[in-house]
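Contents: one structure, followed by commentary.
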Amino acid sequence: MRIAVPTNENKGLDSDVAYHFGRCKSFIVLDENGKIVELLDNASEHMGGTGLPPELMKKHNIDVLLCQGLGPRAIELSQKLGISVYTSQAKTVKEIFGLWKSGKLNKATKDDSCDEHET
C-alpha cells in the first residue's frame, strides 16, 4: 500500500501537510507502516507539468491520499481512479498518518472539498 501526503517542504514525517494537494511542491509517500518510501515532485499541470494531480497519484501507484484540502472534482477523479481520499486539518505528515492509521479519518466526500472550489 502506498499513501501520499502533500507537502511544501522535506522534513520527513515532521513536514507540514500542504493546505491544497494540487498546488503542493511534493508528495511524501509512505508505506502502510508509516515509513517514507519516496518523495515525489508535483509534476502535474497545476505546477507547470502535465496531467491532473489525481492522475499523477495513479501513475505512481498511490492507494491512499491524506490531505487538508482539495476540490470536489479532485475527490471525484481520485475515487474513479481507485484512490481513497481522506481529509484532516492535521498539521504534520506524522499526525495525519497516525489519525488515518488509527481509523479516526473518514473517506472524503464532495462535502469535504475546499469552499473555493465549489463552483
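Tell me, Arg73, Arg2 in order of fewest to most beta-carbon neighbours within 10 Å?
Arg73, Arg2
May I ask you to sort Met1, Met57 by Cβ crowding, counting other Cβ atoms within 10 Å and putting the fewest first?
Met1, Met57
On a straight-distance basis, which lysines could pair with Lys80 in a cross-link, Cα separation under 19 angstrom, same-chain partners fewer than 8 positions away excluded?
Filter leaves Lys58, Lys59, Lys107, Lys110.
Taking H as built 1.01 Å from N, whose amide H comes closer than 5 Å to the amide H of Val17, not counting residues under 5 places away?
Correct list: Thr92, Val93.
Could you work out, for the chain, what percent of all Cα-Cα pairs fall into each 5 Å distance bin, beginning at 0 Å and stopping at the bin that holds the largest distance?
2, 13, 25, 28, 21, 8, 2, 0
Quick note: the coordinates plus some simple rules give every number you see, no bench work behind them. Keep in mind it's a predicted model, so treat the numbers as computed, not measured. Note that each Cβ is placed from the backbone with ideal geometry, even for glycine, and that neighbours are counted across all protein chains shown.
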